[in-house]
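Below is one structure, written out as structure tokens; the observations come after it.
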Amino acid sequence: MSLPKAYDPKSCEDRIYKMWEESGVFRADAASAKEPFTISMPPPNATGQLHLGHAVMLALEDVFIRFQRMSGKEVLWLPGTDHAAIATESVVIKKLQKEGMRDPRAQLGREKLVAKIAEFVEQSRGTIRSQIRKMGASCDWSRERFTMDPMLSRCVNEVFVKMYGDGLIYRGHRIVNWDPKMQTTVADDEIEYVEEKVPFYTFQYGPFQISTSRPETKFGDKYVVMHPDDPRYAKYKDGDTFTAEWINGPVTATVIKDKVIDPAFGTGVMTITPWHDHVDFDLAERHKLQKEQIIGFDGKLLPIAGEFAGLHIEDARPKVVEKLKAKGLLVKIDEAYIHRVAKSYRGSGVIEPQIKEQWFIDVNKAVVPWKRRKLSLKEIMQDVVHTKLVTIIPERFGKIYFHWIDNLRDWCISRQIWWGHRVPVWYREGKGAMDMHVGVQPPQGEGFEQDPDTLDTWFSSALWTWSTLADPALVEDFSLSLEELLKQSPDYQKFHPTQVMETGYDILFFWVARMILMTTYATGDIPFETVYLHGLIRTRDGKKMSKSDPSTMIDPLDIIPKYGADALRLSMIVGQSPGADSRLFEEKIAGYRNFVNKLWNASRFVLMQCGQAGIDSRSVGTQEWKVESLADRALIYELGRVTTEVSQGLQHYRLSEAGDRLYSFVWDFFCDWYLELSKGEANIPLLVTAMRKILQLLHPYCPFVTEELWDSFREKDDGMLIAHPWPQSLSSGKAGETASKEFQILIDVITAIRKLRSDQNVEQGKEVDVTIVTKEFGDLLASQQAHIKRLARAATLEITDRAGKVENAASAFLTGLEIHMSLEGLVDFEKERASLMKEKLQLQQFVASSKAKLANEEFIARAPANVVGLEREKVKEIEEKLSKIETRLKNIPS
RNA sequence: GGGUGAUUAGCUCAGUUGGUCUAGAGCGUCUGGUUUACACCCAGAAGGUCACAGGUUCGACUCCUGUAUCACCCACCA
């Protein structure tokens, strides 16, 4: 069998993926006796395309999954998509507008628009499915879910009803972030602040001067607020009233004193607009002040604005300023004022706070039974992380998480858009009051009308780890409570809680925190044991890749055909630490493409050796392989070590470290030395065994090449590599360690000779005579002379222990035709001895001084007991180190 | 304003309980190479006061304090 000279990912990736998928290895079995290992794939938004953020998520999770699958776990990796309420609706509306529809909401109506969005989503999900496959993700497609599937929707309703019953969901008039463009509320987290330079006006308001950047909201202002301790305004008392000339004539205003006012800012006095500002709203609530709406939900001024009514706020501003100026009330304008404007994270308009009736989740009400206490949702979120039921990697995000919870306000869950889960509440005119029905199903009676609002998209995705595992066959069985439903769902029983939640740190609050909140509340169990957070992928210059600037974007779909999915995966995993942003650029990917190719060629070489020896590479394992050479022994030892280290690394989610270890093992040890030395005297059974192990170890990282190569090394009883058991680490004990050390000496000698040749400008390829003078390693080097001769191009090699000509007996000398100088490579042991001696001396000094201290009665009497204890412990520790150093010194041949 | 992190070779980054780190890798640069797989390769070289200043220690890139620069997150000012 002969393989092409270079690995061509294009020619095999799709074929291999198809083979895996059709074989059924991706499919999890809820009836299996094996220990489960579950990851719920963070569902990409059902809009548009996958980007590098998704690619890194898929790569990391696939490594976890493949490792655990090979390690004998029953793995479930459940894929799916999120309906992404606002994001999707706004994408589709924009699309329709581009196609010429002026106002799609009004023109189509609810039902038709939702149908249009559903159509778009279906298409988009198809794209996403194929992109996930391109990355090699070995997820269980038979269990693919969508947040708006019937069963997932039912879970949403179940949880809503349960929370309502517990008094955790309430409806109230509160100030919310209103997006006039999308005509919906937006969550606190979904707002980002953009700095803008705007004029900052100061006006005369009765006896006070007040400043504002938004004069157009000031029509209804009839309170002035100042700090109670501000001496400038000491003569005014809380509750005092006065008359002020204002935009549309005189108003009666009231003085309010409150500590939120910063006396140092502006004039230290402000008027308030409670309907359109969070802080003012809180203040108004505290002092029970009147609130008036100034701006309509369409962003235009209401009748209270008098002559300005109907104007859009943007247009009204200069006109209002003009009028105030004409009245002589404008004191000054500061043109360089930096103001932070709230904008929607979803990329639509400027946020205008408004008071609206909305649904909220109360995060402070202590009604949730947890460990024989009643806790609030906030407290539950804190408890599960504090008690390490949920571990966050990297740890520092725990702090950020707690900080976020401390500042968490009630969560507004209703949205005024149409795409999403409709609030499961129905109303009808009743006798005197409104009839309200909150239920999983619509009410029986006549005349009920469902709440027009939909739920925040994170409400449904917060249930993702388990709503996806509820048995869809039971969706119509409404006799079952949520608890019973889950009890009767085999997947839920087998695979929940999940083991790892792997996602970007940017959605720690949006999603991870809310999953912990909702899942722990709804199921009484955590959603996952470990949270593994990855960082953002940035450009080479450290900039964010943004859709608005396509030149900064790297599209996985451009990279994969060029470099292969394996190379892309490696470049996003190796050399990255969790939670840290990283930069990606083509050269980096090319570097890992080269590695993949190196692996390919190493296999090719091994296969060639098999061919030359007339051995079938697929039936070597049945033969006994014998350990022949020093290199063989060293290989076995190193193979054992790398297996142990990689297994441990993967177990502890240290993917980068383990990957890096494999990279250098394969390239620097296996290819550069073992394969080179095996030329001419290949131990084929061992070579094939090593190759098989390497493919197994690398498979989680680069599944495609390894599976492709596996075909050449697969024995009769082997299936696909993806399903092959993870290699056990062979232990070869002391003998192996010695072999490894001796092998290192051989490498050092060869390297040293090569370096000498280079220093002496010996022509490449020209053979020289070499003399090595050594006391300790004569036998070793003599047994390896063929290798030294070949790899260092030595015509003759003399090894002697005559140290006569040499001052330092420990250093070796090389004598070529014209070369006679000292060789540095061999003195490692000497150096080691020297450094160990130095360390030993230092430690001995410490032990001596410390013991003297401990013998001193005065010290013992005066020092606190724990200090003495610590000192003793430290002495013990150092003495242990000393004894280790002793043994190491003894092991150095002298 | 509060918080978190980063600062190691020209560039991108590793360095997990302080002691084989006399600080490594990849890319780039330079020199030389058709050696029984691989030029997506091989052999070598140059290049670092581990941001700065103190402290703890027998010993600090690693721990502590402070400073500087950068990045991000949270809150938000009328």
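The values are calculated or read from the model by the stated rules, or taken from the named source; none is laboratory data. This is a predicted model, so every value here is computed, not measured. With ideal geometry, Cβ positions are generated from the backbone for all residues, glycine too; neighbour counts draw on all protein chains shown.
Table for the structure above
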item: Residues of the stretch A:443-461 classified as of a type outside the set (Gly, Ala, Ser) and either within 18 Å of A:VAL512 (Cα to Cα) or outside any loop (DSSP other than H, G, I, E, B) (or both), total; result: 8
item: Residue within the stretch A:69-83 that is within 16 Å of RNA strand B (Cβ to nearest atom) and either in contact with a helix residue (DSSP H, G or I) (Cβ under 9 Å, 6 or more places away or on another chain) or part of a helix (DSSP H, G or I) (or both) present; result: no
item: Boolean, A:ILE338 is within 13 Å of RNA strand B (Cβ to nearest atom) and over 18 Å from A:ASN177 (Cα atoms); result: yes
item: Qualifying residue in the stretch A:580-591 (condition: assigned to a loop (DSSP other than H, G, I, E, B) and in contact with a Leu (Cβ under 8 Å, 6 or more places away or on another chain)); result: yes
item: Output for the stretch A:610-629, where each listed residue is buried (at least 19 other Cβ atoms within 10 Å of the Cβ) and either hydrophobic (A, V, I, L, M, F, W, C) or within 12 Å of RNA strand B (Cβ to nearest atom) (or both); result: A:CYS610, A:VAL620
item: Residues of the stretch A:640-652 satisfying the condition of being more than 10 Å from RNA strand B (Cβ to nearest atom) and within 20 Å of A:ARG66 (Cα to Cα); result: A:VAL642, A:THR643, A:THR644, A:VAL646, A:SER647, A:LEU650, A:GLN651
item: Some residue of the stretch A:672-695 being at pLDDT below 95, among the acidic types (Asp, Glu) and within 18 Å of A:GLY611 (Cα to Cα); result: yes
item: Neighbours by Cβ (under 7 Å, 6+ apart or cross-chain): first from the stretch A:737-756, without any contact (Cβ under 8 Å) to a residue 40 or more places away in the chain; second within 12 Å of RNA strand B (Cβ to nearest atom) and assigned to a helix (DSSP H, G or I); result: A:ARG754/A:ALA792
item: Number of the exception - A:VAL251 against (1) within 13 Å of RNA strand B (Cβ to nearest atom); (2) at pLDDT 85 or above; (3) of a type in the set (Val, Ile, Thr); (4) surrounded by fewer than 20 Cβ atoms within 10 Å (Cβ to Cβ); result: (1)
item: Residue within the stretch A:210-219 that is in a strand (DSSP E or B) and β-branched (Val, Ile, Thr) present; result: yes
item: Filter result for A:LEU480 (assigned to a loop (DSSP other than H, G, I, E, B), within 16 Å of RNA strand B (Cβ to nearest atom) and either more than 30 Å from A:GLU74 (Cα to Cα) or among the hydrophobic types (A, V, I, L, M, F, W, C) (or both)); result: no
item: Considering residues of the stretch A:658-675 that are of a type in the set (A, V, I, L, M) and in contact (Cβ under 8 Å) with a residue 24 or more places away in the chain only, the residue surrounded by the most Cβ atoms within 10 Å (Cβ to Cβ); result: A:LEU662
item: Failed condition for A:LYS734, given (1) among the basic types (Lys, Arg); (2) in contact (Cβ under 8 Å) with a residue 24 or more places away in the chain; (3) loosely packed, with under 15 Cβ neighbours inside 10 Å; result: (2)
item: Search result, residues across the stretch A:676-695 that are crowded, with 19+ Cβ neighbours inside 10 Å and over 15 Å from A:LEU635 (Cα atoms); result: A:LEU695
item: Qualifying position, being within 24 Å of A:ASP668 (Cα to Cα) and modelled with pLDDT of 90 or more, among A:SER629, A:SER571, A:SER577; result: A:SER571
item: Residue under evaluation A:GLU144, criteria (1) of a type in the set (Asp, Glu); (2) surrounded by fewer than 14 Cβ atoms within 10 Å (Cβ to Cβ); (3) within 24 Å of the chain's Cα centre (by Cα), criterion not met; result: (2)
item: Test set (1) within 30 Å of A:LYS94 (Cβ to Cβ); (2) buried (at least 19 other Cβ atoms within 10 Å of the Cβ) - A:VAL224 fails condition number; result: (1)
item: Single residue of the stretch A:587-596 satisfying the filter (crowded, with 20+ Cβ neighbours inside 10 Å and not basic (Lys, Arg)) that is farthest from RNA strand B (Cβ to nearest atom); result: A:ILE589
item: Matching residues, the stretch A:16-50, being within 30 Å of A:VAL114 (Cβ to Cβ) and among the β-branched types (Val, Ile, Thr); result: A:THR47
item: Matching residues, the stretch A:450-477, being more than 16 Å from RNA strand B (Cβ to nearest atom), among the acidic types (Asp, Glu) and in contact with a Phe, Trp or Tyr (Cβ under 9 Å, 6 or more places away or on another chain); result: A:ASP451, A:ASP453, A:ASP471
item: Every pair of residues 6+ apart whose Cβ atoms lie under 9 Å, when the first sits in the stretch A:85-105 and is exposed (fewer than 15 other Cβ atoms within 10 Å of the Cβ) while the second is assigned to a loop (DSSP other than H, G, I, E, B); result: A:GLN97/A:ASP103
item: Residues that are part of a loop (DSSP other than H, G, I, E, B) and either within 10 Å of RNA strand B (Cβ to nearest atom) or charged (D, E, K, R) (or both), drawn from the stretch A:376-412; result: A:LYS388, A:PRO394, A:GLU395, A:ASN407, A:LEU408, A:ARG409, A:ASP410
item: Some residue of the stretch A:503-517 being away from RNA strand B (no atom under 16 Å from the Cβ) and either hydroxyl-bearing (Ser, Thr, Tyr) or within 25 Å of A:ALA31 (Cβ to Cβ) (or both); result: no
item: Among residues of the stretch A:453-476, those that are without any contact (Cβ under 8 Å) to a residue 12 or more places away in the chain and either closer than 15 Å to A:ILE169 by Cβ or aromatic (Phe, Trp, Tyr) (or both), counted; result: 0
item: Residue check, A:ILE175 among the β-branched types (Val, Ile, Thr), within 15 Å of RNA strand B (Cβ to nearest atom) and either at pLDDT 90 or above or surrounded by fewer than 20 Cβ atoms within 10 Å (Cβ to Cβ) (or both); result: no
item: Helices (runs of 4 or more DSSP H) contained entirely in the stretch A:656-767, each with at least 3 residues that are within 10 Å of RNA strand B (Cβ to nearest atom) and of a type in the set (A, V, I, L, M, F, W, C); result: A:733-759
item: Residue list for the stretch A:234-248, restricted to those being outside any strand (DSSP E or B) and buried (at least 16 other Cβ atoms within 10 Å of the Cβ); result: A:TYR236, A:ILE247
item: The stretch A:260-292, subset over 16 Å from A:ASP221 (Cβ atoms) and away from RNA strand B (no atom under 11 Å from the Cβ), residue surrounded by the most Cβ atoms within 10 Å (Cβ to Cβ); result: A:GLU285
